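Participant: Attaching a single structure in structure tokens format; questions to follow.
The values are calculated or read from the model by the stated rules, or taken from the named source; none is laboratory data. All figures in this text were calculated on a predicted structure; none of them were measured in a lab. Quick reminder, even Gly has a Cβ in these numbers, built from the backbone with ideal geometry, and neighbours come from all protein chains shown. Ligands, DNA and RNA are excluded from the accessible area calculation, which covers all protein heavy atoms including side chains. Shrake-Rupley method; radii C 1.70, N 1.55, O 1.52, S 1.80 Å.
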Amino acid sequence: MNTTRSRPAVIPDEALHHPRSLTAFHTVKFLVGGYVALSVCTLVAAYLLRRDPELVNDTVWARGGIVAVTSLLMFTFALSASRGRRKAYLRLRIASGVMLAAIVVIASLRGFLPLWMRIEQGACGLLLVGVVLVANGRHLRSLFATG
């Protein structure tokens, strides 16, 4: 049986380079870049504070590592989406929403993370609110709509 998959329609360059598209992609890349920087700085801070078990425990290392990896993945999704890749755009929308929800839940659990990391997670959450709003905004949704 010979099955061929049709390739998705290409997003025209004019649409990708429209001023509203460029602004939206720039904003998303800036916010996700901040998320990456904050996540990496968190791991550096955890390393520097590692001798104090009240400030750095196994949860800090696990959560910090997960957030750093997902932030890097999200940045690659943002870059690929800005080049017109629909699947990357979908991944960006899903990952930013899931990570935002996870941050809200985890940061609100008392005693789960040290205070300094709860504050850091709150800052990450604020950055992701911006990503979710722009990525799910009318302009980008219409740009990547199939039909």
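Participant: Run the numbers for SER142 and ASN57: contour at 0.36 nm per residue of separation, minus the present Cα-Cα distance, in nm.
Facilitator: Details: separation 85, 0.36 × 85 = 30.60 nm, distance 4.44 nm.
26.2 nm is the gain from fully extending SER142 to ASN57.
Participant: Taking Cα pairs under 8 Å and at least six residues apart, what relative contact order does the chain come out at, in percent?
Facilitator: Relative contact order of the chain: 33 percent.
Participant: Given contacts defined as C-alpha pairs under 8 Å and at least six residues apart, what's the relative contact order of segment 73-133, whole-number percent?
Facilitator: Values: 41 pairs, mean separation 17.9, N = 61.
Dividing the mean separation by the residue count of segment 73-133 yields 29 percent.
Participant: Follow-up. Mind putting a number on the dipole of segment 47-94 about its Cα centre? Charges go on the C-beta only, +1 for Lys and Arg and -1 for Asp and Glu, and I need it in Debye to the nearest 20. Before the final figure, lay out the partial values.
Facilitator: On the way: 9 positive and 3 negative charges, 116 e Å.
Roughly 560 debye for segment 47-94.
Participant: Per residue, what accessible area does the chain have, given a 1.4 Å probe and all protein chains present, in Å²?
Facilitator: Values: 9050 Å² over 147 residues.
About 62 Å² of surface per residue is accessible.
Participant: Relative to the Cα centre, what is the charge dipole magnitude of the chain, using +1 at the beta carbon of each Lys and Arg, -1 at the beta carbon of each Asp and Glu, and rounding to the nearest 20 debye? Walk me through the numbers on the way to the answer.
Facilitator: Working: 17 positive and 6 negative charges, 117 e Å.
Approximately 560 debye in magnitude.
Participant: State the percentage of accessible surface on the chain attributable to carbon and sulfur atoms; use a 1.4 Å probe and exclude ligands, DNA and RNA.
Facilitator: Values: 5880 of 9050 Å².
Ligands and nucleic acids excluded, carbon and sulfur give 65 percent.
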